[in-house]
1. Can you sort 145, 123, 118 from fewest to most other Cβ atoms within 10 Å of each residue's own Cβ?
2. In nm, to one decimal, how far is the modelled label at residue 127 from the one at residue 110, with both set 7 Å along Cα→Cβ?
3. Please work out, to two decimal places, the log10 of the ratio I(q)/I(0) at q = 0.17 Å⁻¹ from a Debye calculation in which every Cα of the chain carries one identical scatterer.
4. Please sort 240-250, 128-138 by packing, taking for each peptide the average over its residues of neighbouring beta carbons within 10 angstrom, highest first.
5. Mind checking which of 17, 189, 42 has the largest fluctuation in a GNM of the chain, springs on alpha carbons under 10 Å?
6. How far apart, in nm, are the 7 Å Cα→Cβ label points at residue 164 and residue 208?
7. If you count the DSSP beta bridges with both ends in the chain, what percent of them are antiparallel, to the nearest 5?
8. In deg cm²/dmol and to the nearest 500, what is the mean residue ellipticity at 222 nm of the chain if only DSSP H runs of at least 4 residues count, each as -39500 (n - 2.57), divided by the residue total?
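We did not get these values from a lab; they are worked out from the coordinates using the rules stated. As the structure is a prediction and not an experimental result, all values here were calculated from the model. Positions of Cβ are generated from backbone atoms using ideal geometry, with glycine treated the same way; all protein chains shown enter the neighbour counts.
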């Protein structure tokens with residue numbers, strides 16, 4: 001079993017090298033209703049005055065929440081990402097804390113809602129995080145998270161499916177020292193597992209929907225999205241360069257007459273509330 005320290009060290013290192021990587025990759029993705037996954041989370045906490053962003057990164061989602069009029073705070077492991085967040089004019093007076101989700105540095109009942117975008121499933125000690133979230137949320141407080149959901153459903157291989165196939169072929173022949181450590185709690189990747197984590201902490205059973213994000217574009221644009229995955233960082237640069245070349249060649253065959261390569265990524269939108277009698 002990989003230690004919590006090793007997992008968190010990897011995440012800090014990755015985001016120090018690639019700050020703001022998640023919004024760069026997913027910020028332009030759109031669900032069928034035209035919203036980004038960040039806008040979906042923003043809308044789920046409408047009417048909640050005080051909102052915590054768990055794993056706030058460079059402040060992309062916090063910026064949307066500030067614009068919507070919320071009183072906000074953010075927490076993240078990455079000093080590099082938080083430095084970018086502090087440069088956003090809308091966040092100049094916002095509490096942005098470098099800390100662990102397992103030990104939230106906030107008073108009990110401090111927030112009416114918590115949002116988390118593509119972060120919860122990467123965090124170890126998930127049961128402890130759930131207990132901390134229940135503590136800092138007011139009774140009846142809302143939790144809204146976006147979790148990774150894998151490739152979109154398609155009858156034919158798209159750009160994301162092509163990348164996954166090529167990456168798996170590379171990883172099959174990659175020694176352990178060139179692979180990333182297992183990250184987070186596997187239960188945080190499916191509905192039953194998330195309920196297993198949250199329910200003992202005092203949360204209601206989750207509501208769970210899956211949204212396909214359209215991330216299509218030129219072959220180069222799709223590569224800029226798919227190549228942000230953690231798995232590439234430990235690989236030899238020559239291996240990554242060969243993977244990119246093979247992907248671009250394959251993606252060109254998927255492009256339509258305008259040169260657009262289809263690419264879809266599913267995300268799970270998970271919501272719950274603290275039970276009023278829970279704590």
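1. Placing the least packed residue first, the sequence is 118, 123, 145.
2. 2.5 nm
3. These q points yield log10 I(q)/I(0) values of -1.44.
4. 128-138, 240-250
5. Checking each option, the largest mean-square fluctuation is seen for 17.
6. Those two pseudo-labels are separated by 1.7 nm.
7. Working: 19 of 37 bridges.
If I count the DSSP bridges inside the chain, around 50 percent turn out antiparallel.
8. Working: 10 runs with 103 residues, N = 279.
It lands at -11000 deg cm²/dmol.
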